[in-house]
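J.: The structure under discussion is supplied below as structure tokens; questions concerning it will follow.
The values are calculated or read from the model by the stated rules, or taken from the named source; none is laboratory data. Not measured: the values here are computed from a predicted model. Methodologically, a virtual Cβ is constructed for each residue, glycine included, from the backbone with ideal geometry; neighbour enumeration extends over all protein chains shown.
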């Protein structure tokens, strides 16, 4: 079932940067939806449109619609703070906020109005356990988040999103700044998380795309070229451009 | 033969390096020495005049004897008044310009105006205060009018350092905070302002320091030549250190030199303490900074 339906979606920026043209795509529930393709193809733009982080950028024109459970996310009257709690995002570089490990996890809940310390600590522990970070940092919960390793920081960023109990988790090249061991941990984690959440992943290379995809969509220069289930796009793509990219002829 | 084996060339570079170091050292010394000389001379001449009585009692015998307490108190009151008006307003304006204002022609004009205002001579602020607060708002020559005049002078400094401090906070924090469902104000309040605070405080202290030692802005708006009693309300005029120094060094015949130097020394001490606080705040913040 499609939890998010993107229909005829186009976006252009005021400064003429990366844009998207006529995108039609369904995001499948409880699956890893992979968006892949060479840099500048519009994958990040799409993620930022889905949870309206685009509002922070100078957008010139938006067309079409993005329906999330029948609700148009592009509606200007939409409560964007509530939307961002339901659709979380993890960025390519670990970006802990300048506060302690626990505070990083509870930040989203605190700004949502939760002040009960006991409840917050409980949620923090649960989220940190979900990303298998608890055992590594339980004695450093009150240390600055910047003090833990890069791989741990990225899992912390994931825990921070999980603490809000979102419905969709978007990850924009979450392992591009990580070593192979940390990368493997994040990938394993995503495989277990998809039971409970819908995941949209922008992998940082083709190999990761093919490893992780339940559904894949190939983006090239602002257009959606091809979509497919499972490994289809990586084994038997229909479009020549998809094939060339997957086989490493460009990109 | 490679360049590295060419000993003469290496030696040349070595001597150049030595000469450069020495030149920079001498130049630094030339900058520091006069200041050091002035400070030491003032301490030497003024220290004998500094007594508990000098700091805490009223002036007597046409200000030639007794203490300078009213001037010290006056400067403290004016600085406090300036703080109360300039800081909340200045920080608020800085936050608006850095975090909310869109980059339009109007915003840019405001920014240029603020920078230009920081360069306006203080006597112009004094005359503005005279016209605006003393005369137009009928505050009279008073602590209130002088504080507000000093505040107007300090505002551009507070606004631009606030803006600067907030802009130096990495943008990633804003994006992350917003992405976790925080509103713009929550982001500013919980993260940006907190991280920018040391920079803001440094600017505030340096701005206040300038306000505390200026003579021209208070000359027409609140400073008194001599008052036999302490001020009892914000609408009273007050004596103040910088103006007092001007008065006793030019307007009072037969003024003992020690009293003059001691008064200057007190003002210098004021400046030193505020500078130390600013330095302390900054270095502490730098050590604790997490980015």
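J.: Within region A:140-158, take every residue that is within 14 Å of chain B (Cβ to nearest Cβ) and part of a helix (DSSP H, G or I) and give me the one that is nearest to the chain's Cα centre (by Cα).
T.: That would be A:158.
J.: Here's something else I'd like to know. Identify, from the list A:166, A:98, the residue that is outside any helix (DSSP H, G or I), over 26 Å from residue A:203 (Cα atoms) and within 12 Å of chain B (Cβ to nearest Cβ).
T.: On inspection, the qualifying residue turns out to be A:98.
J.: Output the number of residues of region B:251-288 satisfying the condition of being within 14 Å of chain A (Cβ to nearest Cβ) and surrounded by 13 or more Cβ atoms within 10 Å (Cβ to Cβ). Steps first, please.
T.: Kept after step one, since they are within 14 Å of chain A (Cβ to nearest Cβ), are these residues of region B:251-288: B:285-288.
Among the residues that remain, those that are also surrounded by 13 or more Cβ atoms within 10 Å (Cβ to Cβ) are: B:285.
Counting residues in region B:251-288 that are within 14 Å of chain A (Cβ to nearest Cβ) and surrounded by 13 or more Cβ atoms within 10 Å (Cβ to Cβ) gives 1.
J.: Between a residue in region B:162-176 that is under 28 Å from residue B:206 (Cα atoms) and facing another protein chain (nearest Cβ under 9 Å) and any residue that is modelled with pLDDT under 95 and surrounded by fewer than 18 Cβ atoms within 10 Å (Cβ to Cβ), which pairs come within a Cβ distance under 6 Å, given they are 6 or more apart or on different chains?
T.: B:170/B:291
J.: Could I ask something else about it? If you check residue B:248 against the conditions, is it under 19 Å from the mean Cα position of the chain (by Cα) and crowded, with 18+ Cβ neighbours inside 10 Å?
T.: Values: under 19 Å from the mean Cα position of the chain (by Cα): no; crowded, with 18+ Cβ neighbours inside 10 Å: yes.
No; evaluated as a whole, the condition is false for this residue.
J.: Of all residues in region A:35-73, which are assigned to a loop (DSSP other than H, G, I, E, B), within 14 Å of another protein chain (Cβ to nearest Cβ) and farther than 21 Å from residue A:166 by Cβ?
T.: Looking only at region A:35-73, we keep the residues that are assigned to a loop (DSSP other than H, G, I, E, B), and these are A:37-42, A:51-52, A:57-58, A:69-70, A:73.
With within 14 Å of another protein chain (Cβ to nearest Cβ) added as a condition, the list becomes A:51-52, A:57-58.
Correct list: A:57, A:58.
J.: So in region B:213-241, with the set limited to residues that are surrounded by fewer than 23 Cβ atoms within 10 Å (Cβ to Cβ) and under 19 Å from residue B:271 (Cβ atoms), which one is nearest to the chain's Cα centre (by Cα)?
T.: The residue in question is B:213.
J.: Which residues, taken from region A:204-218, are surrounded by 19 or more Cβ atoms within 10 Å (Cβ to Cβ) and touching a strand residue (DSSP E or B) at 6+ places or on another chain (Cβ under 6 Å)?
T.: A:209, A:212, A:213, A:215, A:216, A:217, A:218, listed by residue number.
J.: Now for a different question. Please determine whether any residue of region B:190-198 is touching a residue at least 24 places away in the same chain (Cβ under 8 Å), over 30 Å from residue A:51 (Cβ atoms), touching a helix residue (DSSP H, G or I) at 6+ places or on another chain (Cβ under 6 Å) and more than 10 Å from every other protein chain (Cβ to nearest Cβ). Spell out the reasoning first.
T.: Keep residues of region B:190-198 that are touching a residue at least 24 places away in the same chain (Cβ under 8 Å), which gives B:192-193, B:195-198.
Next, from what is left, pick out any that are over 30 Å from residue A:51 (Cβ atoms): B:198.
Filter again for touching a helix residue (DSSP H, G or I) at 6+ places or on another chain (Cβ under 6 Å), leaving B:198.
Next cut, more than 10 Å from every other protein chain (Cβ to nearest Cβ) only: B:198.
Looking for residues that are touching a residue at least 24 places away in the same chain (Cβ under 8 Å), over 30 Å from residue A:51 (Cβ atoms), touching a helix residue (DSSP H, G or I) at 6+ places or on another chain (Cβ under 6 Å) and more than 10 Å from every other protein chain (Cβ to nearest Cβ), one finds at least one in region B:190-198, hence yes.
J.: Condition test on residue B:230, is it out of contact with any strand residue (DSSP E or B) (no Cβ under 7 Å at 6 or more places or on another chain), touching a residue at least 24 places away in the same chain (Cβ under 8 Å), away from chain A (no Cβ under 14 Å) and outside any helix (DSSP H, G or I)?
T.: On the way: out of contact with any strand residue (DSSP E or B) (no Cβ under 7 Å at 6 or more places or on another chain): yes; touching a residue at least 24 places away in the same chain (Cβ under 8 Å): yes; away from chain A (no Cβ under 14 Å): yes; outside any helix (DSSP H, G or I): yes.
Here the answer is yes, as residue B:230 does meet what is asked.
J.: Just to verify a result, which residue in region A:108-139, among those that are away from chain B (no Cβ under 14 Å) and assigned to a loop (DSSP other than H, G, I, E, B), is surrounded by the fewest Cβ atoms within 10 Å (Cβ to Cβ)?
T.: Only one residue tops the list, namely A:139.
J.: Going through region A:84-95 one residue at a time, which ones are within 8 Å of chain B (Cβ to nearest Cβ) and either without any contact (Cβ under 8 Å) to a residue 40 or more places away in the chain or assigned to a loop (DSSP other than H, G, I, E, B) (or both)? Break it down stepwise before answering.
T.: The first filter runs over region A:84-95 and keeps only residues within 8 Å of chain B (Cβ to nearest Cβ), leaving A:84-85, A:88-89, A:91, A:93, A:95.
Once the filter is applied, which keeps residues that are within 8 Å of chain B (Cβ to nearest Cβ) and either without any contact (Cβ under 8 Å) to a residue 40 or more places away in the chain or assigned to a loop (DSSP other than H, G, I, E, B) (or both), region A:84-95 yields A:84, A:91, A:93, A:95.
J.: Is it true that residue B:184 is within 14 Å of chain A (Cβ to nearest Cβ) and surrounded by fewer than 24 Cβ atoms within 10 Å (Cβ to Cβ)? Full working, then the answer.
T.: Working: within 14 Å of chain A (Cβ to nearest Cβ): yes; surrounded by fewer than 24 Cβ atoms within 10 Å (Cβ to Cβ): yes.
Considered against the rule, which asks whether it is within 14 Å of chain A (Cβ to nearest Cβ) and surrounded by fewer than 24 Cβ atoms within 10 Å (Cβ to Cβ), residue B:184 comes out as yes.
J.: Search region A:73-82 for residues being closer than 19 Å to residue A:23 by Cβ and within 19 Å of the chain's Cα centre (by Cα), and hand back the single one that is surrounded by the most Cβ atoms within 10 Å (Cβ to Cβ).
T.: So, considering only residues that are closer than 19 Å to residue A:23 by Cβ and within 19 Å of the chain's Cα centre (by Cα), the one surrounded by the most Cβ atoms within 10 Å (Cβ to Cβ) is A:73.
J.: For region B:130-145, indicate whether the set of residues that are within 12 Å of chain A (Cβ to nearest Cβ) and either surrounded by fewer than 21 Cβ atoms within 10 Å (Cβ to Cβ) or not in a helix (DSSP H, G or I) (or both) is non-empty.
T.: The first filter runs over region B:130-145 and keeps only residues within 12 Å of chain A (Cβ to nearest Cβ), leaving none.
Taking every residue of region B:130-145 in turn, none turns out to be within 12 Å of chain A (Cβ to nearest Cβ) and either surrounded by fewer than 21 Cβ atoms within 10 Å (Cβ to Cβ) or not in a helix (DSSP H, G or I) (or both).
J.: Sticking with this one: When you go through A:193, A:201 one by one, which is the residue that is touching a strand residue (DSSP E or B) at 6+ places or on another chain (Cβ under 8 Å), under 16 Å from residue A:29 (Cβ atoms) and modelled with pLDDT of 95 or more? Full working, then the answer.
T.: Details: A:193 fails: modelled with pLDDT of 95 or more.
Unique residue meeting the criteria: A:201.
J.: Related question: Looking only at region A:100-118, decide whether some residue is touching a residue at least 24 places away in the same chain (Cβ under 8 Å) and touching a strand residue (DSSP E or B) at 6+ places or on another chain (Cβ under 7 Å).
T.: yes
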